[in-house]
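One structure is given here, and the rest of the page talks about it.
The values are calculated or read from the model by the stated rules, or taken from the named source; none is laboratory data. As the structure is a prediction and not an experimental result, all values here were calculated from the model. Cβ atoms come from the backbone with ideal geometry, glycine included; neighbour counts cover every protein chain shown.
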């Protein structure tokens, strides 16, 4: 009996109910069959292919125990240039930021009046010098005259004695003897006069020498004063901001510019008192920027013998040559102090996940079926060193860890080494 025959043999209302029931049973049966089929096929849909990842083998390398501190760079030579005189700026020869050698002219101040005054003092000194030369020449002439008169005195003395003897013997007249006596007396008088003139001239020369010394000193003072109108670099360094301009009137309190020597620089670092005991002179301190850029090492030159009462820190100074002029005075940098070096394990930061304040990695383990799975392992770390974590515990040399694609992994997830890295696993702490 089929649906068509029932339509003819049953009443209409009863026939309608039976047909509706049969249709409902047919629909329910189809749905149940579909669900059973889906359930049977579900396990096949849950089977996931292994995730392709990079795997690195953990090894041991030197591990540095270090601390970072804020360091401030200070110039060992830095000066604010002020004029020693008053006047108007006539020339600015340097520019802000320019490196100038020692003695280089930075700017000039109007020196016309001082130049004229210096020239006048110079002329006065030359005049006194000329007078002194004349006085010395006169003295020299007098001394020559004295020698001549001394010779004449000795000759007349000898003749006087000779003729006096001849007169006694009657060989010459008394008048001839008296003539030589008078000549001798006159020669004595001439010598005494010349000696007096020489002494007086010596006094004149000494006075003129003092006058000349004073004139020269006055000239040099004016010349030194003139040098103040030229502002020069007292040492080699970098010119700072120049707030004045040509034509400005400046006084001895006007700041013209600054000059700073940036080679070398001193690094001022404040260390906790308990850490300072491990610092020693000659120790190297690495300098880096806030973004990790390496500048080089500085050398500890000073350790304060006292502790700051407020901060309980100890000031240390280190010397940085700054040969590449990368750093400047008053700049703040990161000073990295290495306390100890020993062997340890470091792994890439990209291989580590964090959850609830804990650190995890995925260790690649081989199943009995020779398949790889990622097993999550908790680790303890010291700190980040660049792009690596220093591992305290949880890993050992030889362990293989997943370094890429860890966001897609769960504990026990199947994995495989990427084909382009097959046979070439990277070292976990290689650079």
Legend entry - Selection within segment 356-392 - under 17 Å from residue 53 (Cα atoms), part of a loop (DSSP other than H, G, I, E, B) and touching a residue at least 60 places away in the same chain (Cβ under 8 Å): 371
Inset, instruction - Please give the number of the condition residue 116 fails out of (1) in contact (Cβ under 8 Å) with a residue 60 or more places away in the chain; (2) under 60 Å from the mean Cα position of the chain (by Cα); (3) in a helix (DSSP H, G or I). - result: (1)
Legend entry - Single residue of 58, 100 found to be out of contact with any helix residue (DSSP H, G or I) (no Cβ under 7 Å at 6 or more places or on another chain), modelled with pLDDT under 95 and either surrounded by 14 or more Cβ atoms within 10 Å (Cβ to Cβ) or not assigned by TED's automatic domain parsing to the domain that holds residue 391 (or both): 58
Inset, instruction - Assess whether residue 197 counts as being touching a residue at least 40 places away in the same chain (Cβ under 8 Å) and over 60 Å from the mean Cα position of the chain (by Cα). - result: yes
Inset, instruction - Provide a single number: the residues in segment 296-333 that are surrounded by 12 or more Cβ atoms within 10 Å (Cβ to Cβ), over 17 Å from residue 66 (Cα atoms) and without any contact (Cβ under 8 Å) to a residue 40 or more places away in the chain. - result: 7
Inset, instruction - Report whether or not residue 142 is closer than 30 Å to residue 228 by Cβ, out of contact with any strand residue (DSSP E or B) (no Cβ under 7 Å at 6 or more places or on another chain) and either in contact (Cβ under 8 Å) with a residue 40 or more places away in the chain or in a helix (DSSP H, G or I) (or both). - result: no
Inset, instruction - Go through segment 80-93 and give me each residue that's part of a strand (DSSP E or B) and over 10 Å from residue 257 (Cβ atoms). - result: 87, 88, 89, 90, 91
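Results for (1) part of a loop (DSSP other than H, G, I, E, B); (2) surrounded by 15 or more Cβ atoms within 10 Å (Cβ to Cβ); (3) modelled with pLDDT under 95, shown as yes or no for each residue.
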| residue | (1), (2), (3) |
| --- | --- |
| 214 | no, no, no |
| 218 | no, yes, no |
| 243 | yes, no, no |
| 247 | yes, no, no |
| 259 | no, yes, no |
| 262 | no, yes, yes |
| 268 | no, yes, no |
| 278 | yes, no, yes |
